[in-house]
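The values are calculated or read from the model by the stated rules, or taken from the named source; none is laboratory data. None of the values given here were measured: they were computed from a predicted structure. Methodologically, a virtual Cβ is constructed for each residue, glycine included, from the backbone with ideal geometry; neighbour enumeration extends over all protein chains shown. Calculation scope for accessible area: heavy atoms of the full protein, side chains included, ligands and nucleic acids excluded. Shrake-Rupley method; radii C 1.70, N 1.55, O 1.52, S 1.80 Å.
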Amino acid sequence: MNAKRAIPVREKNIVLIGFMGVGKTTIGKLVAEKLYRDFIDIDQEIERDFQMSIPEMFTQKGEAFFRKTEKEYIVHMCEHTKGKIVSLGGGSFQQEEIRKKCLEHCFVIFLDLTWENWKERIDLLLENRPILHNRSIEQVKQLFNERKSIYALHHLRVETDNLSAEEVADCIVDALNPGGELYQS
Ligand code: S3P
């Protein structure tokens with residue numbers, strides 16, 4: 001017999017995934033306000049604890065160190081917190097352990113955006129996203145497509161093209177149906 005209890009989604013962390021610059025942090029904060037929940041941005045937690053920005057961490061300690069650190073923080077969040085709204089760095093879901101933990105413990109929402117709309121934002125992102133440095137636009141597009149197949153593992157997808165952050169947050173809140181009960185086994 002499967003004795004696993006269906007868990008109301010309101011008891012789980014809600015995790016936002018998607019490509020860098022899609023609006024995970026802005027939208028996550030809005031969802032947290034609307035649902036009266038705490039918000040955690042994993043990259044901001046790392047920056048605060050290590051007293052350095054993510055680009056500085058890439059330069060001073062290397063990407064491998066950053067990836068190991070983000071894995072530790074995300075696994076800890078999955079295992080030790082609940083009921084929070086969490087924004088993940090766009091590359092984190094490429095790590096299998098992170099994917100597994102999030103999909104097992106959390107309600108994972110993929111914020112989707114088409115390449116055509118994403119590429120309009122690239123100039124705003126360049127300075128603070130070391131992953132974009134030394135890559136041609138074709139290489140960034142390839143990464144975008146590779147990651148899209150990884151983000152395909154989720155519990156809910158929200159198309160964000162042509163929507164404001166506020167509208168996306170409202171879509172998420174409606175989908176979670178806080179007045180009723182959304183259960184997940
Ligand atoms: C990264 C995305 C960034 C940050 C780091 C690496 C990536 O987060 O974690 O620069 O590999 O896509 P955002 O998705 O919040 O930009």
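Here are some notes:
- Amide H contacts of PHE110 (H built 1.01 Å from N, under 5 Å, at least 5 apart or other chain): ILE17, HIS155, LEU156, ARG157, VAL158
- Whole-number percent relative contact order across segment 43-124, with pairs defined as alpha carbons under 8 Å at least 6 apart: 24 percent
- Fraction of accessible area attributable to carbon and sulfur, segment 9-175 (%, probe 1.4 Å): 47 percent
- Sites MET52 and LYS29 - FRET efficiency at Förster radius 30 Å, r taken between beta-carbons, to 0.05: 0.85
- When shorter helices are ignored and each DSSP H run of at least 4 residues is given -39500 (n - 2.57), the per-residue value for the chain at 222 nm works out to -15000 deg cm²/dmol.
- Highest-first packing order for the peptide set 23-31, 66-74, 162-170 is 23-31, 66-74, 162-170, based on the mean count of other beta carbon atoms within 10 Å.
- Against the empirical 2.2 N^0.38 Å (N residues), the chain has a Cα radius of gyration ratio of 1.02.
- Within the assembled protein chains, the solvent-accessible surface assigned to HIS105 is about 70 Å², based on a 1.4 Å probe.
- Accessible area of the chain divided out per residue, in Å², using a probe of 1.4 angstrom: 54 Å²
- With 32 Å as the limit, the listed pairs LYS12/LYS148; LYS82/LYS119; LYS82/LYS141 have LYS82/LYS119; LYS82/LYS141 beyond it between alpha carbons.
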